Amino acid sequence: MNTNQIKIIETVVLILGYIVIKFIASKTIEKVGQKFLYHKSRIKITRKIVNVFLFVVISGLILFVWGVEQSELVIFISSFLTVMGIALFAQWSIISNITSAVIIFFNHPVKIGDSIVVLDKDYQVEGKISDIGMFFLIIKTIEGDQVSIPTNVFMNKMVKKIRNE
């Protein structure tokens, strides 16, 4: 066997391993989500995050199999991250909203479907959380209107969770 055939076999093994790990991770996330009664959208987003992470790892491993030098890969990754850092620094509010969305999604006591009141001295909002996006939190009011609040603003407001009886 020549080296190219070995690389092809290694690549196929890595891809098959990726498919198996992705399937196992997906089933595990689904079981944990059902066990702890997480909302379906939360399970879906978590599955997407894990899939992206697995894809990045498997892509790096395949690049190593095919002989990409570590120093070249490190230079490419650091250059890419530098450009992304500069671009995102110019849009600081975008980073703030994305970070806030992740915190709200995983660690805030309210979740999709909860009835809340956003306590604000100028304009209080009361309703049910209908969606938590990367930039906005959507609240459906009692009147049926939809109010969008930037996630970083929502993080800085006091929120009262209304008990559903």
Count of lysine pairs in the range 3-90 with Cα atoms under 26 Å apart, counting only pairs 8 or more residues apart in sequence or on different chains? 16
May I ask you to derive the relative contact order of the chain, considering only C-alpha pairs under 8 Å and at least 6 residues apart, and to give it as an integer percent? 16 percent
In sequence order, calculated HN-Hα J values of the range 97-110 (Karplus, 6.51, -1.76, 1.60; Hz; x Gly/Pro): 5, 5, 4, 4, 4, 5, 5, 4, 5, 9, 10, 7, x, 8
Helix-only [θ]222 nm of the chain, DSSP H runs n ≥ 4, -39500 (n - 2.57) each, per residue, nearest 500: -21000 deg cm²/dmol
With no solvent and one point on each alpha carbon, what is the Debye value of log10 I(q)/I(0) for the range 110-162 at q = 0.19, 0.20, 0.21 Å⁻¹? -0.54, -0.60, -0.67
Translational diffusion coefficient, Stokes-Einstein: compute it for the range 3-90 using the Kirkwood radius over C-alpha pairs as Rh, at 37 °C and 0.692 mPa s, and state it as an integer in µm² s⁻¹. 212 µm²/s
Across the range 18-29, in residue order, what do the Karplus-derived ³J(HN,Hα) couplings come to in whole Hz, using 6.51 cos²θ - 1.76 cosθ + 1.60 with θ = phi - 60° and x for Gly and Pro? 4, 4, 5, 5, 4, 5, 5, 4, 4, 5, 5, 4
Tell me, in nm to one decimal, what length is gained between residue 138 and residue 120 on full extension, where the rule is 0.36 nm per residue of separation less the Cα-Cα distance? 4.9 nm
Please list, ordered by chain and number, the residues whose modelled amide H lies under 5 Å from the amide H of residue 131; skip anything fewer than 5 residues away on the same chain. 138
Given 145-152, 31-38, the highest-first ranking by average Cβ count within 10 Å works out to 145-152, 31-38
Each residue of the range 126-143 in turn: what ³J(HN,Hα) in whole Hz from Karplus with 6.51, -1.76, 1.60 and θ = phi - 60°, glycine and Pro shown as x? 10, x, 9, 6, 9, 6, 10, x, 6, 10, 9, 10, 9, 10, 9, 6, 4, 6
For peptides 9-20, 42-53, 127-138, 70-81, sequence by mean Cβ density within 10 Å, most packed first: 127-138, 42-53, 9-20, 70-81
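Here, each number is a calculation from the coordinates, and none is a lab measurement. Small disclaimer: the values here were computed from a predicted structure and weren't measured. Note that we place each Cβ from the backbone using ideal geometry, even for glycine, and neighbour counts take in every protein chain shown.
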